[in-house]
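Below is one structure; the comments refer to it alone.
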Amino acid sequence: MIPKELLMQQAAEFGITLTEEMLQKLDCYAQFLVEYNQKVNLTAITAPEDIAKKHFLDSLLLLHAYTPQPGASVIDVGTGAGFPSVPVKIAREDLKLTLLDSLNKRVVFLTELLKKLGLSGEAVHFRAEEAGKNPLYREQYDIATARAVADLRELAEYCLPFVKVGGYFIVLKGYDVEDELSGAQKAIAAMGGKLEDVRKYRVNDEMGRSILLIKKISQTSTKYPRPSAKIAKNPIK
């Protein structure tokens, strides 16, 4: 389905090696996504080349921006159809993966997807602000990641409570992220985080990506995360 040779070449340009087995799993992922999308709205991107570029390659850029330690634990917050973490898991099967989403129909899809691809991991049905208070998930992960349109001030409050001290919140944002980042510095600090790096990518003329590496340098106060209505109404600024 997907142009495997092209994807392999493009990934290689960023130092990411995709084996034939990995490419087969990504192809299976794409087919299952398109099929499932007919009954559950998961993505507006359904053309094979667009899936390869805008979902798979985009997600795999995380592995160029940051190299997780072997066996690192990863939680993907508001993962939707599994981006960015499932492509990352395909390329790095040693990672311990938790997929978190607030919609049960997505969690059902993700559970079936992991089984279909033969990947270990769990998909859990939880609102991020509730899971972030739960001791099973709070400060239990080496990496929290998100590829989301929510403002970084809100994402920081949702995601950094999951990260162990010394771990990273790795967030995929648009190419022009400077203003949003400037407005989120207080929220990041309040959650115990510190911006370490911003990696910028141009895959082609139409697709730009910033990947922010935010290190967890101290524990998150127990008053965070707040309920979602409060986060939305009174973001930290």
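What follows draws every value from the coordinates through simple rules; no lab data is involved. Please read these numbers as outputs of a predicted model, since none were measured by experiment. Please note: Cβ atoms are built from the backbone with ideal geometry, for glycine as well, and neighbour counts cover all protein chains shown.
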- Message: Along the charge dipole of the chain, pointing to its positive end and built from +1/-1 on Cβ of Lys, Arg, Asp and Glu, which listed residue (167, 24, 72) has its Cα farthest out?
- Response: 167
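Over 28 Å between C-alpha atoms is what I'm after, so list which of 115/215; 96/200; 115/223 land there.
Checking Cα-Cα distances, 115/215; 115/223 exceed 28 Å.
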- What is the mean projected area of the alpha carbon convex hull for the range 103-203, to one decimal in square nanometres? 7.6 nm²
- Item | Rg/Rg_globular for the chain, with Rg_globular taken as 2.2 N^0.38 Å and Rg from C-alpha atoms | 0.96
- Alpha carbon centroid spacing (whole Å) that separates the range 130-172 from the range 35-99: 16 Å
- Per-selection metrics, the range 147-211 (Cα): Rg and Dmax in Å: 12.0, 37
- Considering the options 128, 141, 86, tell which one lies farthest towards the positive end of the dipole of the range 46-203, charges being +1 on Lys and Arg and -1 on Asp and Glu at the Cβ, about the Cα centre. 86
